[in-house]
Amino acid sequence: MNSLNSVFDYEDIQLIPNKCVINSRSEADTSVKLGKYSFKLPVVPANMQTIIDDSIAEMLAKEGYFYIMHRFEAEKRAEFIKKMHKQNLIASISVGVKADEHAFVRELSEKALIPEFITIDIAHGHANSVIEMIQLIKRLMPQVFVIAGNVGTPEAVRELENAGADATKVGIGPGKVCITKVKTGFGTGGWQLAAVRWCAKAASKPIIADGGIRTHGDIAKSIRMGATMVMIGSLFAAHEESPGKTIERDGELYKEYFGSASEYQKGEHKNVEGKKILLPHKGSLRDTLQEMQEDLQSSISYAGGKDLSALTKVDYVVVKNSIWNGDSL
Ligand SMILES: NC(=O)C1=CN([C@@H]2O[C@H](COP(=O)(O)OP(=O)(O)OC[C@H]3O[C@@H](n4cnc5c(N)ncnc54)[C@H](OP(=O)(O)O)[C@@H]3O)[C@@H](O)[C@H]2O)C=CC1
Ligand SMILES: Nc1nc2c(ncn2[C@@H]2O[C@H](COP(=O)(O)O)[C@@H](O)[C@H]2O)c(=O)[nH]1
């Protein structure tokens, strides 16, 4: 993999069109299967506190989108599962790996509060702590679809899959509010798309490409490189419905978007690998989801197909190489 020629990021790639086989973009099917469930789009808002809350989760589940609730109000998760199940909606939560999270998983199992999806959400997912958590969940609640991450290498993907993960999440440091690449010198920031391709080639189960998506076209590029689904933070931040605080500056409205490893999330300046930014207020989340779907339908038509599978085979060119993917510190 690590020849320089094969290292690229989203902005370095252009997909090459094929002859169109549909009469309207509305015919293109953007739905995706993950586990036993089918969802409207191969996209999931990041499980971060300024991106998703209970009401957004409910709205997404009711309208047929995949969602992953964040883990930063740990004590509310059991009630959240109950509430979603009362409405016949999918429950999809996140966990960490510390001892109290093991206790939480045991509690869910004992109370038969079984969510459909659990995402193990830590910075460096290629770790024994994650393997142990996968094994614990699978032993106590084998029916749960487990997403494990984050990782950035084929070895990590294989190891987590072998431990029982049903999908792995790829992306170490490409996020908009991420400073891992600067603070540690490590990660997939600047070559996230190539890392997705590298990991997907080794995967035998779905890959979720996480971080670095800056345009709707990047979703199609992720699928081309082997992702089944794409996790997105910044493009989903700063909507009317978004939980981030609204700030007024010189008569303009902005919303906060902060990293899960930022001091704003942690409440202390320790092992900080995230920052806070203000994004211009964007209007309704539903409108963004609608536009994302229309753009992806258009992508499918350029790929010469009728559904997402067409995107997996198109040719592409590498136009140039980038480092920053539009980010600044
Ligand atoms: N996708 C990405 O690039 C990144 C995402 N994040 C997000 O930030 C949030 C916090 O993540 P995280 O700090 O892992 O969660 P936690 O604070 O829950 O830490 C999880 C456990 O892993 C340990 N840990 C964390 N990082 C490392 C490391 N590099 N090496 C060894 N042990 C480690 C922690 O111990 P201790 O703290 O004592 O080391 C702790 O025991 C998550 O939501 C995560 O997704 C953070 C950074 C990168
Ligand atoms: N290195 C860090 N990565 C983080 C942090 N908080 C979240 N994240 C990751 O970013 C993506 C979203 O990326 P975006 O480019 O779409 O905005 C998210 O899903 C996490 O994986 C953090 O504090 N540090």
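The values are calculated or read from the model by the stated rules, or taken from the named source; none is laboratory data. A quick note: this is a predicted structure, and the numbers were derived from the prediction, not measured. Note that we place each Cβ from the backbone using ideal geometry, even for glycine, and neighbour counts take in every protein chain shown. Accessible surface areas use protein heavy atoms only, side chains included; no ligands, DNA or RNA. Shrake-Rupley method; radii C 1.70, N 1.55, O 1.52, S 1.80 Å.
Things to note:
- Within the set GLY173, GLY185, the sole residue that is on the phi > 0 side of the Ramachandran plot and within 17 Å of the chain's Cα centre (by Cα) turns out to be GLY173.
- The single residue among GLY187, GLY217, GLY171, GLY211 that is over 23 Å from THR312 (Cα atoms), touching a strand residue (DSSP E or B) at 6+ places or on another chain (Cβ under 9 Å) and small (Gly, Ala, Ser) turns out to be GLY187.
- Residues satisfying the stated conditions in the stretch 274-310, i.e. open to solvent by 60 Å² or more (accessible area, probe 1.4 Å), closer than 30 Å to VAL182 by Cα and within 19 Å of the chain's Cα centre (by Cα): LYS276
- Residue check, ASP121 surrounded by fewer than 21 Cβ atoms within 10 Å (Cβ to Cβ), touching a Lys or Arg at 6+ places or on another chain (Cβ under 7 Å) and at pLDDT 95 or above: no
- When GLN265 is tested against (1) more than 11 Å from ligand 1 (Cβ to nearest atom); (2) touching a residue at least 12 places away in the same chain (Cβ under 8 Å); (3) not in a loop (DSSP other than H, G, I, E, B); (4) not hydrophobic (A, V, I, L, M, F, W, C), just one condition goes unmet, and that condition is (1).
- The stretch 153-184: number of residues that are closer than 22 Å to ASP218 by Cβ, among the basic types (Lys, Arg) and in contact with an Asp or Glu (Cβ under 7 Å, 6 or more places away or on another chain): 2
- Scanning the stretch 127-170 for residues that are more than 21 Å from the chain's Cα centre (by Cα), of a type outside the set (A, V, I, L, M, F, W, C) and part of a loop (DSSP other than H, G, I, E, B) returns PRO142, GLN143.
- Single residue of the stretch 23-60 satisfying the filter (over 16 Å from the mean Cα position of the chain (by Cα) and either open to solvent by less than 10 Å² (accessible area, probe 1.4 Å) or without any contact (Cβ under 8 Å) to a residue 40 or more places away in the chain (or both)) that is nearest to GLU256 (Cα to Cα): ASP54
- Unmet requirement for ILE247, which otherwise passes all of (1) open to solvent by 30 Å² or more (accessible area, probe 1.4 Å); (2) aliphatic (A, V, I, L, M); (3) in contact with a Cys (Cβ under 7 Å, 6 or more places away or on another chain): (3)
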